[in-house]
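To start, the structure itself, in structure tokens.
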Amino acid sequence: MGETLTMRWLWPTRRGWVLGAGAVYLLLTAAMYDSFVVCVFASSAIALGAASLVCTLLSLRGLTVRRGPAGAAAAGQLLSLPLVVTNLLNRRRQTFIIREHCPFAAVPDVFTLVDALAPREERVVSRRILTRRRGGFQQRQIILRGGDPAGLFYRERVVVLPQSLVITPATEPLSDIPWRPRPARIATVGSPLSMAGTSQELYGIREHRAADGLRNIHWKSSARFGRLMVREFERDAVMSVALLIDADAAHLGGPDDDSNLEYLVRAAASLVEHLAGLYCQVALAAGGARQRVIPSAPASPAKPVLLYELAMLKPGPLPLAAAALELAGQLPRDGAVICLSLSPDAALAGTLELLASQGMTVRWFCAEPDAFRKPAARRRPPAAVPAPPRFDIVPLRPETSLAGVLCHGA
């Protein structure tokens, strides 16, 4: 990609201002007292300043820069943003600095020191940036900053290098999510016995994930594929899962990067990551700035699309209930529905009641704004909307473990 250059005026550093003020003072002193020694010092300061000025003017000459292929990253991970720097001259180029503003980074202003370049050298400058925020970002320019060996002046060049980046939401490992209420059988003494254990019916074999234990490893398949494989049982299987995410701006609470909406997006992304390893289909509906309805599709190939939609999700006035109602007609009757809302909305409750009446397993999680606000900023909570009789609302708080609440059996 070509670069567009804009040169900035060179400017003295703090050391340069001190040297300039000292040179003026020495010149005035030499003129008043006609001192040879003072004249020598003043002349030396002026000569040093002039040499540094020339070095600064030429410090960025012959340097070109272009972007390398960016890596993929989720919030909280290191993002690779390499640059390719080339010295077009037959002379050595001194050390310079690359600065770029990255709003998604933990430290937005990223500074990179590039060591001296040999004549005609091309070098890949690796930059690994810790991300903090999800979303889509348009990077427009970088700034090259050079100077002189004495550090008296600096000069900057603005290089316009557009680049589009998408930072997906952070995820947490999940295991054994009970999509449906766990069945139980009655013993002869009348006490319920769990159906979990070796008596479960085998559903299939899938790749081992970090949250899985070692008990269900299928060693023959692991030896065949060269990686750990685990047995998946019927109790854990689900054919179709629908994720409903609320992004109503009227119910936001908490700091921007740690709000209740960001908590729900992280939960949804964790579910997408988990479902990608199962034999099922997944659908998505969301409100907010614009309505999103993604029909059911196999979870593994749909994963990049779903994570992209979650990364681009922004709060807005559109309610979740309308998107959920539109998706409802496309869902199979034996599926599971995970609702992640910002408030116990009455219209949403009616839609979930409709889904439950069609035979779907509904689990409703609610992250109300006051739970994510600081105590001083909390408001008087409105009257609670009663949950439909088929399911309960599970409250979410900032300290709530996603794995603990999502993997808790009904």
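The values are calculated or read from the model by the stated rules, or taken from the named source; none is laboratory data. Keep in mind that this is a model prediction, so the values were computed, not measured. Positions of Cβ are generated from backbone atoms using ideal geometry, with glycine treated the same way; all protein chains shown enter the neighbour counts. With ligands, DNA and RNA removed, areas are computed over all heavy atoms of the protein, side chains included. Shrake-Rupley method; radii C 1.70, N 1.55, O 1.52, S 1.80 Å.
Multiply the residue separation of Gln358 and Arg333 by 0.36 nm, subtract the distance between their alpha-carbon atoms, and state the gained length in nm to one decimal.
The Gln358-Arg333 span can extend by a further 8.4 nm.
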Cα-only radius of gyration and Dmax that characterise the stretch 64-168, units Å: 14.6, 44
Sparse-neighbour loop sites [trypsin sites (Lys or Arg not before Pro); the stretch 35-104; at most 16 other C-beta within 10 Å; DSSP]: Arg61, Arg91, Arg92
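Roughly how many debye, to the nearest 20, is the charge dipole of the stretch 210-313 about its Cα centre, given +1 on each Lys and Arg Cβ, -1 on each Asp and Glu Cβ, and no other charges?
On the way: 10 positive and 12 negative charges, 148 e Å.
For the stretch 210-313, the charge dipole is close to 720 debye.
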The stretch 110-143-the stretch 311-376 distance, computed between alpha-carbon centres (Å): 41 Å
The stretch 8-122 - Rg (one decimal) and Dmax (whole number), Cα, Å: 21.0, 69
J(HN,Hα) series, the stretch 393-400, from Karplus relation 6.51 cos²θ - 1.76 cosθ + 1.60, nearest Hz, glycine and proline x: 8, 9, x, 10, 10, x, 8, 6
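Please give me, ordered by residue number, the GluC sites (Glu not before Pro) of the stretch 102-184 that lie in loop per DSSP and have at most 15 other Cβ atoms within 10 Å. Show your work: numbers first, answer last.
Working: sites: Glu121, Glu122, Glu156; in loops: Glu121.
Here the sparse-neighbourhood loop sites are Glu121.
Of Met32, Met360, Met239, Met312, which has the most accessible area with a 1.4 Å probe, and how do the rest follow in descending order? Intermediate values should be presented prior to the final figure.
Values: Met32 145, Met360 10, Met239 105, Met312 50 Å².
Descending order: Met32, Met239, Met312, Met360.
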Estimated dipole of the stretch 29-135 in Debye, rounded to 20 [Cβ of Lys and Arg +1, of Asp and Glu -1, Cα centre]: 660 debye
Equivalent ellipsoid, the stretch 318-367 (semi-axes from 5 times Cα gyration tensor eigenvalues, Å): 17, 12, 9
Integer Hz, Karplus 6.51/-1.76/1.60 couplings in order for the stretch 217-229, x for Gly and Pro: 5, 9, 5, 5, 5, 4, 5, 5, 8, x, 8, 5, 10
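Identify the trypsin sites (Lys or Arg not before Pro) of the stretch 255-292 meeting these criteria: DSSP loop state and at most 15 other C-beta atoms within 10 Å of the C-beta.
Values: sites: Arg266, Arg290, Arg292; in loops: Arg290.
Of the trypsin sites (Lys or Arg not before Pro), the ones in loops of the stretch 255-292 whose Cβ has at most 15 other Cβ atoms within 10 Å are Arg290.
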Residues with amide H under 5 Å from that of Leu130, placed H, sequence gap 5 or more: Leu79, Ala106
